[in-house]
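The values are calculated or read from the model by the stated rules, or taken from the named source; none is laboratory data. Computed from a prediction, not measured in an experiment: that's the story for all the values here. Positions of Cβ are backbone-derived with ideal geometry, glycine not excepted, and every protein chain shown enters the neighbour counts. Heads up: the accessible areas ignore ligands, DNA and RNA and are worked out on the full protein's heavy atoms, side chains in. Shrake-Rupley method; radii C 1.70, N 1.55, O 1.52, S 1.80 Å.
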Amino acid sequence: MLADPCPQCGGIQVRYRGKVYCTSHDDLSSITTLAAVSYDSVVAQMREVLLTRLNETTAALGTEKDPTKQDQLVSLAAKYFDLLQKLPQK
Ligand SMILES: [Zn+2]
């Protein structure tokens with residue numbers, strides 16, 4: 001909640017994700033829409049990054065001769081894979 005009232009109607013203002021909304025005249029349902037879009041875009045980006053890393057790790061594992069490094073790569077790939085499966089499916 002902000003100290004200053006709305007300059008347009010004198011209503012109570014709230015700040016959410018860097019934007020100021022008036023609780024009296026702004027449509028607050030747009031806030032939940034914004035949050036949903038943001039969550040979806042983060043999940044999409046995360047999936048993309050994880051797939052890229054998983055691909056790189058798998059490629060590195062294919063050429064790695066050192067068993068200790070193979071172990072690290074397998075454990076890394078397992079984490080990426082695990083995280084990918086935890087992402088909401090579309
Ligand atoms: Zn207002």
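Carbon and sulfur atoms: what percent of the 1.4 Å accessible area of the chain do they account for?
For the chain, the apolar C and S fraction of the accessible surface comes to 58 percent.
Just the number please: accessible area per residue for the chain, 1.4 Å probe, all protein chains included, in Å². Please list the in-between numbers first.
Numbers: 6860 Å² over 90 residues.
Heavy-atom accessible area per residue stands at 76 Å².
Only Lys, Arg, Asp and Glu count, each charged at its Cβ (+1, +1, -1, -1), so figure out the dipole size of the chain about its Cα centre, rounded to 20 debye. List each step's numbers first, then the result.
On the way: 10 positive and 10 negative charges, 14 e Å.
Here the chain has a charge dipole of around 60 debye.
Do the sum for the chain: with -39,500 (n - 2.57) for every DSSP H run of n ≥ 4, divided by all residues, what is the mean residue ellipticity at 222 nm, to the nearest 500 deg cm²/dmol? Kindly include the intermediate steps, with their values, before the conclusion.
Values: 2 runs with 55 residues, N = 90.
My calculation for the chain gives -22000 deg cm²/dmol from helical runs alone.
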Helix 29-63 against the longest principal axis of the chain: what's the angle in degrees, Cα atoms only, rounded to the nearest 10? 10 degrees
Within the set of other residues whose C-beta is less than 10 Å from the C-beta of Gln13, count the net charge using Lys and Arg as +1 and Asp and Glu as -1. -1
For the chain, any Cys whose C-beta has no other cysteine C-beta under 4.7 angstrom counts as unpaired, and these are Cys9
Starting from one equal scatterer on each C-alpha and no solvent at all, send me the Debye-based log10 I(q)/I(0) for the chain at q = 0.18, 0.24, 0.25 Å⁻¹, two decimals. -0.82, -1.08, -1.13
Between the helical axis of 67-86 and the dominant principal axis of the chain, each derived from Cα atoms, what acute angle in degrees is found, rounded to the nearest 10? 30 degrees
